[in-house]
């Protein structure tokens, strides 16, 4: 037994790769095989409550700062948040500080429009702006002079012609800012250059790897909660799903009752992540047992 | 030489002092400069810098291929990707965006993507194209009519259908597509650039990121070892975070958490107890006592927060992780102050290529 454990310490990495691959693949292909309850994290609850407190006609600025590599983690939370906002009749303004941001925003909006859940019109209920180079400086400009940098929307229509742009001059004219972040510029820059100096509520959804950097801002209240990676996205998706179903029963005028409300993608991916994490813990225990016996032997 | 070195330093110092002064002097013109003009200058310069970056990338990889430096073969793929995306972005537009506007029944009313009038005189997907005033002219987007009173879809004899000559029948097949512009081609679903992004770059990007899972698993198997106290702490907090952030963490029972606590405690005091029999018997006894206490306090019905893995994970993130992050952030901020001071006073010249 001891010999076997020592041998396992130098197991071929390809076997580990294979097992990890299977642990992810099987729950994705057969989601019914692994069904686990989802506990809602406190930070996700704070985000949900903050968005829920918004009223019909409030203005929310969304910033898309992720791309292809981080799409599986961040995109589901963007779709869930858009559903939540449109279900409350909130006006949505989308900016992008990453070159891929506009494509991500377009994909998210397409998903919302294709769901047919909301009767939204571009230019009236939501507006998109193109990518602007400059990172944190763009954030600073949005904070001071929004119209100074955004002269036209994504479709090339002058913002003076857009009904939705009436009364929007700086970040202070928004009731809430939400940042989808996968790097720099990201939520830290929004805190430092715009929302904290101008006292505008800010929240963020980011990749798991970024959470440790963002958590001091959450603890200080500069970020109203955080959607942390895929688990955060899954938790938020679940809360929005329950909320939308409840609102349909309450005859919410912004939701099309005849359409089916879907759960979202992150929720389905959590089982795969659970099994993969369990397997990693198992590997760590195995590796340490092997290390212990190896040292004893040596 | 003066322009390259001294002049560059003078500009750098002057701009540094000006930007800094804007935050300390209550002088409206200066404030206007630091708040509005300087950031806009920065954005313009950053735009050019991005262009220079592309040129630099090109130069670097061409040099690598020409001189056949180490791993020069990979540079071919970089250059190939670079040029392919340039061609699709600027030159080859690909399929026009989807032949969206079709006169499906030759009635000179142009419907959106095969969506027919279902009897409500509204001709498009999502009810967007509406004959507002019954003149047989179908307007694009309701808000558009509000602002522009746009008689958008007008069948003129020249085959050009819309205001602004935007929608033209490019190939005479009776399908009317928006005129493609440089910026439009990047945003249109049917374009080659969009296709390349959606079906090549997007899956490749996600794949690269997903590969991390395999490397993390392999690395944690080999590197996450109980070598000393610090490594043990790192390992335990890592495991708790891994389990606490996923649904499986919430179904781990309270007695396993007691077992983890007891194991952690005995791992710390292991070096103090020489006799193995005493060590293992006290370890087992502690576990049994812990579980008995649990049943006595009915933790099997409602476990306290300190025995729930997700709650422990939340605590780790909120207290030790926050403390560590703040320390790092303060350190970085002090470093930035020192570095900025060196740049502003002209001592730091590495940015000039020194």
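Each value in this text was obtained by applying a stated rule to the coordinates, not by laboratory testing. This one's a predicted model, so the numbers in the text were calculated from it and none came from an experiment. All Cβ positions, glycine included, derive from the backbone under ideal geometry; neighbour counts span all protein chains shown.
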- prompt: Using the Kirkwood radius built from alpha carbon pairs, what does the Stokes-Einstein equation give as D for region A:121-279 at 20 °C and 1.002 mPa s, in µm² per second?
  reply: 120 µm²/s
query: Expressed as an acute angle from 0 to 90° and rounded to the nearest 10, what is the orientation of the C-alpha long axis of helix A:101-115 relative to the principal long axis of chain A?
result: 80 degrees
statement: Checking rank on A:173-180, B:224-231, A:289-296, with mean other Cβ inside 10 Å and highest first, the result is A:173-180, A:289-296, B:224-231
message: Kirkwood hydrodynamic radius, region A:59-110, all distinct C-alpha pairs: what's the number in Å?
response: 11.0 Å
statement: FRET efficiency for residue B:277 and residue A:28 from the Cβ-Cβ distance with R0 = 35 Å, rounded to 0.05, comes out at 0.10
- prompt: At a Förster distance of 51 Å, what's the computed FRET efficiency of residue B:37 paired with residue B:78, Cβ-Cβ distance as r, to 0.05?
  reply: 0.85
task: Let me know the mean shielding of A:125-134 by other chains, meaning the per-residue number of their Cβ atoms within 10 Å of its Cβ.
output: 3
- line: Tilt, helix A:13-29 to longest principal axis of chain A (alpha-carbon atoms), in degrees rounded to tens, equals 50 degrees
- request: Please give the calculated 222 nm ellipticity per residue for chain A, where each DSSP H segment of at least 4 residues contributes -39500 (n - 2.57) and the sum is spread over every residue; nearest 500 deg cm²/dmol?
  value: -15500 deg cm²/dmol
task: Have a look at region A:24-86 and give its Rg and Dmax from the Cα atoms, expressed in angstrom.
output: 15.3, 44
- prompt: Can you give the % of DSSP beta bridges in chain A that are antiparallel, to the nearest 5?
  reply: 5 percent
- line: Mean shadow area (nm²) of the C-alpha convex hull around chain A is 18.4 nm²
- line: Mean-square fluctuation maximum in Gaussian network of chain A, Cα pairs under 10 Å, restricted to A:213, A:12, A:41, hits A:12
message: Using a 7 Å offset from the Cα along the Cα-to-Cβ direction at both residue A:260 and residue B:233, what is the distance between the two label points in nm, to one decimal?
response: 5.2 nm
Simple spin-label estimate for residue B:269 and residue A:282 in nanometres, 7 Å along Cα-Cβ: 3.3 nm
field: Stretchable slack from residue B:17 to residue B:340, in nm (0.36 nm times residue separation minus alpha-carbon distance)
entry: 115.2 nm
- line: Computed over all unlike Cα pairs, the Kirkwood hydrodynamic radius of region B:6-91 in Å stands at 16.3 Å
task: Once you've got the GNM for chain A with C-alpha springs shorter than 10 Å, pick whichever of A:13, A:269, A:147 has the biggest mean-square fluctuation.
output: A:13
- request: Any chance you could give the angle, 0 to 90 degrees and rounded to 10, that helix A:71-87 forms with the longest Cα principal axis of chain A?
  value: 40 degrees
- request: Treat each spin label as a single point 7 Å out from the Cα along the C-beta direction, and report the residue A:251 to residue B:92 distance in nm.
  value: 5.7 nm
message: Taking 56 Å as R0, compute the FRET efficiency from the Cβ-Cβ separation of residue B:10 and residue A:220 and round it to 0.05.
response: 0.90
statement: Descending packing, highest mean Cβ count within 10 Å first, for A:164-172, B:267-275, B:26-34 is A:164-172, B:26-34, B:267-275
statement: With Rg from the Cα atoms and Rh as the Kirkwood inverse mean 1/r over Cα pairs, region A:122-199 has an Rg/Rh of 0.95
query: Given region B:223-341 reduced to its alpha-carbon atoms as identical point scatterers, what log10 I(q)/I(0) does the Debye formula return at q = 0.11, 0.17, 0.19 Å⁻¹?
result: -0.51, -0.98, -1.12
field: With eigenvalues of the C-alpha gyration tensor scaled by 5 and rooted, region A:226-290, Å
entry: 38, 10, 7
